[in-house]
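*Asks:* Please find one structure pasted underneath; my questions will follow.
The values are calculated or read from the model by the stated rules, or taken from the named source; none is laboratory data. All of these numbers come straight from a predicted model, not from anything done at the bench. Note that each Cβ is placed from the backbone with ideal geometry, even for glycine, and that neighbours are counted across all protein chains shown. The protein model used for the area step is the full one, side chains on, heavy atoms only, and it has no ligands, DNA or RNA in it. Shrake-Rupley method; radii C 1.70, N 1.55, O 1.52, S 1.80 Å.
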Amino acid sequence: MSLVQPGDHVAIVGGGFSGTLLAINLVRHDGPRATLIERRPAQVARGVAYSAAHDEHLLNVRAGNMSALPDDPDHFVRWMERAGLGDRTTFVPRKTYGRYLRAMLEEAAAANPERLTLVTGEVSALDRDADGFALTLADGARIAADVAVLALGNLPPHTPPGLDPAALPAGCYRADPWAGDIAEGLGDDDEVVLVGTGLTAVDAALLLDSAGFRGRILALSRRGLVPRPHADGAPRPGLSERPGATLSALVRAVRDRAEGIGWRAAVDELRPVTQMMWGSADVATRARFLRHLRPYWDVHRHRLAPAVAGRIDALVAAGLLRFAAGKLAGAEADGGRALLRWRARGGDAVTTTRAARIVNCTGPQGDLLRSREPLIRQLLAAGMIRPDGLRIGLDVDRQSRVLSADGTIDDRLYCIGPMTRGELWEVVAVPDIRQQNWTLARRLANAQWVGGEGL
């Protein structure tokens with residue numbers, strides 16, 4: 001049996017939102033000494049979501065529900081009000097939220113230099129030994145730790161089926177929708193195709209508009225669904241129990257509630273019970289949800305700030321932006337452009353769009369087996385991790401402990417954040433990630449586990 005005592009060392013791999021919150025909470029709860037390791041200095045405390053954002057990219061949740069601390073729900077609001085940035089109803093820029101997170105981390109590190117260390121570097125290998133873990137960085141440095149926590153964030157999107165970037169003109173295909181150069185070299189007679197119609201495509205459209213692009217934008221996905229805007233007013237309180245024992249009963253219950261209180265409120269009510277419902281569903285049910293309902297869930301659950309929705313509506317009304325439902329059929333070079341072929345949903349006819357740029361806006365992925373990340377490949381090869389049953393993340397238990405290739409639980413290796421969606425599903429937004437971090441920090445601080453079993 002192994003017992004991790006307060007004062008032992010926790011290495012956190014990934015210094016984005018999830019890893020930063022865990023480090024801060026370990027300090028707040030008088031937990032183990034922590035080392036936070038991030039390979040991209042600009043993303044420390046911010047991650048991709050808050051470091052790559054531009055001024056026009058707003059949070060899609062009101063400030064009143066964006067505290068990083070679940071035991072202090074007004075923490076972010078107070079920080080905003082001191083800076084004169086708005087009140088609890090404000091949808092603030094994501095860059096502002098990144099400043100908030102960075103300020104929290106810097107304050108924690110400055111006040112506790114002996115308990116919180118920040119390291120810039122890329123972890124290329126994580127090896128288990130009798131005392132815990134040895135982490136090897138790309139520059140050869142090594143860090144010993146009693147406990148390791150993987151806070152890897154989201155994996156980058158895969159290349160959409162039907163596209164071969166190598167066959168397209170140089171610079172035509174952009175794999176990174178967050179790059180500030182997606183409008184570079186474009187003229188007002190050009191057309192840009194955004195592969196995807198969700199929140200990432202909305203961000204890309206706003207970025208193109210802010211850069212002065214006045215050509216045409218086509219946003220294309222298999223169903224053509226677009227995120228809905230938030231409604232005015234405070235969200236309704238959540239449900240305390242599951243509305244229906246089966247997936248079909250749940251759909252009926254939500255539909256009935258929507259007739260009385262509106263679909264936004266009906267979906268909002270599910271937040272407190274979503275993880276419970278997901279946890280009680282078997283793999284086959286979860287797979288059916290992903291296959292048939294996930295696109296509809298995403299556009300109703302993850303919404304747009306009203307100001308963002310207004311800008312998108314204006315682009316559509318001006319004829320500058322079009323959303324379409326269709327499937328890619330292929331693409332080929334045509335001079336300096338790409339001839340992109342796609343079939344509209346429900347039809348067989350092929351439409352050809354001559355695109356000056358194609359931007360991958362399909363959103364983050366979680367298939368470990370397709371990842372090129374050195375650390376993930378090393379951990380898979382060593383049998384220390386495995387994909388979850390749906391291949392949307394890394395396999396963990398309800399306490400965020402990692403399962404090895406043979407299904408054994410490692411009571412010293414954890415994963416937090418979006419890569420645990422296979423077990424928790426709702427773990428991509430601030431309210432869910434902050435609770436997961438707070439719970440794990442309390443667990444490590446109190447050492448309430450021995451040999452993999454709760455005390």
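*Asks:* Specify the residue that is nearest to Val428 (Cα to Cα); the eligible residues are those in the stretch 370-398 that are touching a Lys or Arg at 6+ places or on another chain (Cβ under 7 Å) and not small (Gly, Ala, Ser).
*Replies:* Checking each candidate, the answer is Ile392.
*Asks:* Enumerate the pairs (first residue in the stretch 247-259 and modelled with pLDDT of 70 or more and open to solvent by 50 Å² or more (accessible area, probe 1.4 Å); second residue anywhere and not basic (Lys, Arg) and not in a helix (DSSP H, G or I)) with beta-carbon separation below 8 Å, excluding pairs fewer than 6 apart on the same chain, so at least 6 apart or on different chains.
*Replies:* Close Cβ pairs (under 8 Å, with a partner that is not basic (Lys, Arg) and not in a helix (DSSP H, G or I)) amount to Arg252/Gly244; Arg257/Pro243; Arg257/Glu269.
*Asks:* Could you check the stretch 91-108 and list, in sequence order, the residues that are free of Cβ contacts under 8 Å to residues at least 60 places away in the same chain, out of contact with any Lys or Arg (no Cβ under 7 Å at 6 or more places or on another chain) and not charged (D, E, K, R)?
*Replies:* Passing the criteria: Val92, Pro93, Thr96, Tyr97, Tyr100, Ala103.
Matching residues to (1) in contact with a strand residue (DSSP E or B) (Cβ under 8 Å, 6 or more places away or on another chain); (2) open to solvent by 10 Å² or more (accessible area, probe 1.4 Å); (3) assigned to a loop (DSSP other than H, G, I, E, B):
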| position | (1), (2), (3) |
| --- | --- |
| Ala42 | no, yes, no |
| Val48 | no, yes, no |
| His54 | no, yes, yes |
| Asn60 | yes, yes, yes |
| Gly64 | no, yes, no |
| Ser67 | no, no, yes |
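*Asks:* Scanning for something open to solvent by 30 Å² or more (accessible area, probe 1.4 Å) and among the β-branched types (Val, Ile, Thr), does the stretch 151-161 turn up at least one residue?
*Replies:* Yes.
*Asks:* Let me ask another. Cβ-Cβ distance below 8 Å, separation of 6 or more or different chains: which pairs start in the stretch 113-136 with a residue that is free of Cβ contacts under 8 Å to residues at least 24 places away in the same chain and open to solvent by 20 Å² or more (accessible area, probe 1.4 Å) and end on one that is in a strand (DSSP E or B) and among the β-branched types (Val, Ile, Thr)?
*Replies:* Listed by first residue and then by second, the contacts come to Thr136/Val123.
*Asks:* OK, next. Out of the residues in the stretch 399-455 that are part of a helix (DSSP H, G or I) and among the β-branched types (Val, Ile, Thr), state the one that is modelled with the lowest pLDDT.
*Replies:* Val430
*Asks:* A follow-up question, please. Does at least one position in the stretch 31-53 carry a residue that is out of contact with any Pro (no Cβ under 7 Å at 6 or more places or on another chain), of a type in the set (S, T, N, Q) and either at positive phi or at pLDDT 90 or above (or both)?
*Replies:* For the stretch 31-53, residues out of contact with any Pro (no Cβ under 7 Å at 6 or more places or on another chain), of a type in the set (S, T, N, Q) and either at positive phi or at pLDDT 90 or above (or both): present.
*Asks:* What residue, of Gly393, Gly330, Gly336, Gly363, is closer than 30 Å to Arg228 by Cβ and in contact (Cβ under 8 Å) with a residue 40 or more places away in the chain?
*Replies:* Gly363
*Asks:* For the stretch 204-233, what are the residues that are closer than 15 Å to Ala305 by Cβ, open to solvent by 20 Å² or more (accessible area, probe 1.4 Å) and in contact (Cβ under 8 Å) with a residue 40 or more places away in the chain?
*Replies:* Once the filter is applied, which keeps residues that are closer than 15 Å to Ala305 by Cβ, open to solvent by 20 Å² or more (accessible area, probe 1.4 Å) and in contact (Cβ under 8 Å) with a residue 40 or more places away in the chain, the stretch 204-233 yields Val226, Arg228, Pro229, His230, Asp232.
*Asks:* Tell me which residues, restricted to the stretch 71-89, are touching a Lys or Arg at 6+ places or on another chain (Cβ under 7 Å) and open to solvent by 40 Å² or more (accessible area, probe 1.4 Å).
*Replies:* The answer is Arg88, Thr89.
*Asks:* Does the stretch 343-359 contain any residue that is under 28 Å from Met277 (Cβ atoms) and of a type in the set (A, V, I, L, M)?
*Replies:* No: the stretch 343-359 contains no residue that is under 28 Å from Met277 (Cβ atoms) and of a type in the set (A, V, I, L, M).
*Asks:* Given the conditions (1) open to solvent by less than 50 Å² (accessible area, probe 1.4 Å); (2) at pLDDT below 90; (3) more than 19 Å from Ala68 (Cβ to Cβ), report the number of the one that His9 does not fulfil.
*Replies:* Against the list (1) open to solvent by less than 50 Å² (accessible area, probe 1.4 Å); (2) at pLDDT below 90; (3) more than 19 Å from Ala68 (Cβ to Cβ), His9 comes up short only on (2).
*Asks:* Please go through the stretch 183-203 and pick out each residue that is open to solvent by 40 Å² or more (accessible area, probe 1.4 Å) and either more than 14 Å from Arg303 (Cβ to Cβ) or assigned to a strand (DSSP E or B) (or both).
*Replies:* Hits for the stretch 183-203 are Glu184, Gly185, Asp188, Asp189.
*Asks:* Still on this structure, please answer the following. Which residues, counting only those in the stretch 348-371, are out of contact with any Leu (no Cβ under 7 Å at 6 or more places or on another chain) and either open to solvent by 10 Å² or more (accessible area, probe 1.4 Å) or part of a loop (DSSP other than H, G, I, E, B) (or both)?
*Replies:* Asp348, Ala349, Val350, Thr351, Thr362, Gly363, Asp367, Leu369, Arg370
*Asks:* Among the residues of the stretch 372-401, write down those that are more than 24 Å from Arg442 (Cα to Cα), surrounded by fewer than 19 Cβ atoms within 10 Å (Cβ to Cβ) and acidic (Asp, Glu).
*Replies:* Glu373, the sole residue that qualifies.
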